[in-house]
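The values are calculated or read from the model by the stated rules, or taken from the named source; none is laboratory data. As the structure is a computational prediction, the values presented were derived from the model and not from experiment. Here the Cβ positions follow ideal geometry from the backbone for every residue, glycine too, while neighbour counts run over all protein chains shown. For the accessible areas, the whole protein counts, side chains as well, though only heavy atoms, and no ligand, DNA or RNA atoms are used. Shrake-Rupley method; radii C 1.70, N 1.55, O 1.52, S 1.80 Å.
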Amino acid sequence: MSDSTPATPRPTTTVKVALLGAGNVGAEVARILLDHGTEMAARVGAPIELAGIAVRDLAARRTVELPEELFTTDAEALIDAADVVIELTGGIEPARSRILRALHAGKPVISGNKALIARHGRQLQDAADAAGVPLSYEAAVAGAIPIVRPMADSLAGDRVDRVLGIMNGTTNYILDQMDTTGAQFDDALAEAQRLGYAEADPTADVEGHDAAAKAAILASLAFHSTFTIDDVYCRGITGVTAEDVAAAAEAGYVIKLLAVCERCAGGVNLRVTPTMIPRDHPLAGVHGAYNAVFVEAANAGSLMFYGAGAGGAPTASAVLGDFVSAARRLVLGAPAQGAEPHAQLPAVPMDDVRTSFSITLTVQDRLGVLARIAQVFADHGVSIYTMQQKDDPHGSAQRSEIRLVTHRGTNKDLMATVEALRELPFVEDVTGVIRVEHAD
């Protein structure tokens, strides 16, 4: 916990806003504050003033034309002069230090910084609680989709058992293109970059790191515990081939980069992996660069939140929703509600999770192969759910392709089974090792 003296939120005649960052989202936030500030002031209950915009480079090009006199490189002075701070710079430092500076001074903070919240969210929330001011970060998870506040407030009286999320628009676009057009991964990625869905360096997206940060944030809220990105098992989509996608489609599945946070083994497992889901599951119909979060709760049942997961204007909408809520509390002098992680459930390691695999084998077509493969599964305590043998797709009469889906088993046993299959002398290749949801 912070040792700063709690600051009582205070009524104010004008709410002065410090905006840190003027990228795609920051520029849109500034535009909306300037163009619609009067309308927003009616909701807040006081006039709103954009006090300034802190940036690293005053000469950098912006996506929105904004008054030059608003820009400054002195973020600390801007924070000190403001009533509310909106942080949209990204990264860990100096964003963390600047947010702590604002919180220790009793100023509400709104952030869209998923990497920071996923790694240091507990420290920042403790500082906010000690100061009696809100720390809000709706924009850090799934862009415009309202999921953070519903999870923290609307479902606070329920027991959330499972959260499944498509939380990265870039990877969803790529996999959707591979599914609907038959495109190879590299071609779908290039198209995503051309359309502006993917960065020139797409590593954070395609390797799953972006979705993992969001999963840590959402799991902390859903399960009233503290998780960081280090608790998330993460595997990206770079190994998914057009052949994998086609095979999944033939079996009635679609492949998505899925974030899964679920209760198991006395704690919560957090993972982000390419996953096959049945085509009749609501998440299977999430196309293009859209995001969706599917929640399974004990009393509310199944809920799905769907919408634009990225983009300047959609994400700015989430930022300004948090801003109006925080500014209204400030004007009314209402204290913030703390977010105590009372459950403190442990993160369950991947080895202990029960899951299912889809596995594709290229084998020599000879007597006894199927029996030996079945014996490997039996030796490792893994049951086969479905098995299909097909001719070799490359036309060889001496080889066959075997596609299997397992019943649920521990991840440790499933991985050991895959490794044992690779050691068999008649198995020439093991590909398409992908997790499956609802296999049994």
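For first residues located in the stretch 86-106 and under 15 Å from Leu19 (Cα atoms), partners that are assigned to a loop (DSSP other than H, G, I, E, B) and among the basic types (Lys, Arg) and lie 6+ apart or on another chain with Cβ distances below 9 Å form the pairs Thr89/Arg56; Arg101/Lys107. The selection criterion, being farther than 18 Å from Val319 by Cβ, out of contact with any strand residue (DSSP E or B) (no Cβ under 6 Å at 6 or more places or on another chain) and buried (at least 18 other Cβ atoms within 10 Å of the Cβ), does not hold for Ala139.
If you go through the stretch 15-46 and keep only what is out of contact with any strand residue (DSSP E or B) (no Cβ under 7 Å at 6 or more places or on another chain) and either surrounded by fewer than 18 Cβ atoms within 10 Å (Cβ to Cβ) or free of Cβ contacts under 8 Å to residues at least 12 places away in the same chain (or both), you end up with Gly23, Asp35, His36, Thr38, Glu39, Ala42, Arg43, Gly45.
With the structure loaded, tell me whether Ile110 is buried (at least 20 other Cβ atoms within 10 Å of the Cβ) and over 26 Å from the mean Cα position of the chain (by Cα) or whether it fails that test. So Ile110 fails the test.
Among the residues of the stretch 290-302, those that are touching a residue at least 24 places away in the same chain (Cβ under 8 Å) and more than 13 Å from the chain's Cα centre (by Cα) comprise Val295, Glu296, Ala297, Ala298, Asn299, Ala300. Scanning the stretch 143-172 for residues that are open to solvent by 20 Å² or more (accessible area, probe 1.4 Å), in a helix (DSSP H, G or I) and not small (Gly, Ala, Ser) yields Arg149, Pro150, Asp153. For the stretch 335-367, a tally of residues being more than 30 Å from the chain's Cα centre (by Cα) and either at pLDDT 90 or above or assigned to a strand (DSSP E or B) (or both) returns 4. For the stretch 377-422, which residues satisfy the criterion of being over 33 Å from the mean Cα position of the chain (by Cα), modelled with pLDDT of 95 or more, open to solvent by 60 Å² or more (accessible area, probe 1.4 Å) and of a type in the set (A, V, I, L, M, F, W, C)? Ala378, the sole residue that qualifies. When the stretch 282-318 is limited to residues that are in contact with a Ser or Thr (Cβ under 9 Å, 6 or more places away or on another chain) and in a helix (DSSP H, G or I), the one that is surrounded by the most Cβ atoms within 10 Å (Cβ to Cβ) turns out to be Gly312. Among the residues making up the stretch 218-241, those that are assigned to a helix (DSSP H, G or I), surrounded by 17 or more Cβ atoms within 10 Å (Cβ to Cβ) and out of contact with any Leu (no Cβ under 8 Å at 6 or more places or on another chain) are Leu218, Ser220, Leu221, Ile229.
Take the stretch 52-70 and flag every residue that is outside any loop (DSSP other than H, G, I, E, B) and surrounded by fewer than 20 Cβ atoms within 10 Å (Cβ to Cβ). Across the stretch 52-70, the qualifying residues are Glu68, Glu69, Leu70.
If you check Arg279, Arg263, Arg271 for being open to solvent by 20 Å² or more (accessible area, probe 1.4 Å) and in contact (Cβ under 8 Å) with a residue 60 or more places away in the chain, only one passes: Arg263. Count of the stretch 320-359 residues, restricted to those that are out of contact with any Ser or Thr (no Cβ under 6 Å at 6 or more places or on another chain), open to solvent by 40 Å² or more (accessible area, probe 1.4 Å) and on the phi > 0 side of the Ramachandran plot, is 0.
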